[in-house]
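The values are calculated or read from the model by the stated rules, or taken from the named source; none is laboratory data. Nothing here was measured: the structure is a model prediction, and the numbers come from that model. Virtual Cβ from ideal backbone geometry, glycine too; neighbours counted across all protein chains shown. Protein only, heavy atoms only, side chains kept; ligands, DNA and RNA dropped before computing areas. Shrake-Rupley method; radii C 1.70, N 1.55, O 1.52, S 1.80 Å.
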Amino acid sequence: MTEQVTRATFDDVMVPNYTPSAIIPVRGEGSRIWDTNDNEYIDFAGGIAVTSVGHSHPKLVEVMREQAGKFWHVANVMTNEPALRLAKKLTEKTFADKVFFCNSGGEANEAAFKLVRRHSYLNFGPEKHEIIAFTKSFHGRTLFTVSVGGQSKYKEGFEPTPQGISHCDYNDIEQLKALISDRTCAVVMEPIQGEGGIIPADVEFAKQVRELCDQYNALLVYDEVQSGVGRTGTLYAYEQLGVTPDVLTTAKGFGNGFPVAAMLATDATAKSLGFGTHGSTYGGNPMACVIAEAVIDIVDTPEVLTGVKAKHELFVNGLKAINEKYSVFKDIRGMGLLIGAEVVDAYKDNAKAFLAAAVEEGLLVLVAGPDVVRLAPSLLIPDADIAEGLARFERAIAKVVANA
Ligand SMILES: *Cc1c(COP(=O)(O)O)cnc(C)c1O
């Protein structure tokens, strides 16, 4: 028997680490979602840059059903064909030679940070263990990943945290020069900061980070959990920076909502995670891998990737046109379909007012920090849904401005 549940049930039975919105979605199709009251929403949020090919994509439903009728899990005492096919595909399409599968972005980063530590330990000794990351960066919620992440609020009350980590301002090469040393084992960066407010790396900065890493025998880790899988208009964002990392993590859009993630690495670094050094019970299970393989097949085509760039223009031009009327944004930026609109000072710390108003107009958007409205829709969002969503957003903005 199914029990009656409502939003109020959340407060009764869930750990209060989230405060979900009042609406409870029950089905989705492409870039539209319907809730328990059959209200319809246009989805510019993509489940926080996750539903890269939209809701209920028929190909994903098909491969998932097919695999569900075969087998779900054997653990890593055996390998499986979907995992092997997916790993092969990733190595063919990226810089990487080797792949480690896990279930979330935080886990992929945890694997990456353990790998760089161990690589330095084996090759240079225990002194070379320092990790440099960037302020405002976000790398996940495990103890190691909140420590490498550049937002101290996520560490508060969880100390003592892992040590040997320092933070540098993003896009500030002089600061990095001052911090990096022979004790540095790795530099960790997002090619475009997501949670930190949709801040792209300067190409010149990214290149100099790579050079500094080479100079100090430090590994370069790219956290592409949010920017990967076509989100920025190339399969991975590093391709556009002209910089090749040693290690890269991918999750979010990789599984379109099914929990699957991967750490990609070069041969030279991957060999430092030898037999028994790391693992994951679910990592690389066949269900996850057939889905991720289908996602990659759908996304990594010239049509979809060029489409991402074209849709970027539709969004940015639409937002600019709205802003000409209402002057609520001081900057509209981003790459591909990861777009940020920073609110003017009158709405400082209150980007979420636009999110709340949008929901009332039947539109889902996100924030990235207190001052930035973030859009991260499906890479396949139809142009008509972009137009209709922007019209709804304009009505939402008009209301926020009228009530200010
Ligand atoms: C979301 C995110 C993570 C964490 O991923 P989870 O799947 O929530 O563990 C890590 N890094 C970046 C850049 C992210 O955007």
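Below is a table of values for the structure above.
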| quantity | calculated |
| --- | --- |
| Set of aspartates and glutamates with alpha-carbon distance to K128 below 15 Å, sequence-local pairs under 8 removed | D182, D214 |
| Proximal aspartates and glutamates to K325, defined as alpha-carbon separation beneath 15 angstrom and excluding residues fewer than eight positions away on the same chain | E394 |
| Spherically averaged projected area of the stretch 71-299 from its Cα convex hull (nm²) | 11.9 nm² |
| Gap separating the Cα centres of the stretch 233-289 and the stretch 344-404, nearest whole Å | 32 Å |
| Positive-pole candidate from Q215, T269, L241, dipole of the stretch 71-299, charges at beta carbon | T269 |
| Under 16 Å from the Cα of K136 - lysines, other chains or at least 8 residues apart | K153, K155 |
| Rounded percent of accessible protein surface that carbon and sulfur make up, the chain, 1.4 Å probe | 54 percent |
| Qualifying chymotrypsin sites (Phe, Trp or Tyr not before Pro) for the stretch 236-279 [loop in DSSP, other Cβ within 10 Å: at most 11] | F275 |
| M335, M78, M64, ranked by accessible area, largest first (probe 1.4 Å) | M78, M64, M335 |
| Net charge, L60 excluded, C-beta distance under 13 Å - Lys, Arg +1, Asp, Glu -1 | -3 |
| Within the stretch 1-83, chymotrypsin sites (Phe, Trp or Tyr not before Pro) in DSSP loop having at most 14 other beta-carbon neighbours inside 10 Å | Y18, F71, W72 |
| Unit charges on C-beta of K, R, D, E only; dipole of the chain, Debye | 440 debye |
| Pairwise centroid distance, computed over Cα atoms, of the stretch 61-96 with the stretch 190-230, Å | 28 Å |
| The chain, Cα convex hull volume normalised per residue, Å³ | 157 Å³ |
| Subset of K330/K352; K207/K352; K59/K252; K59/K88; K93/K271; K207/K252 violating a 24 Å alpha-carbon distance limit | K207/K352; K207/K252 |
| Candidates per GluC sites (Glu not before Pro) in the stretch 356-404, loop by DSSP, up to 11 other Cβ within 10 Å | none |
| Length-normalised contact order of the chain in % [C-alpha pairs under 8 Å, at least 6 apart] | 22 percent |
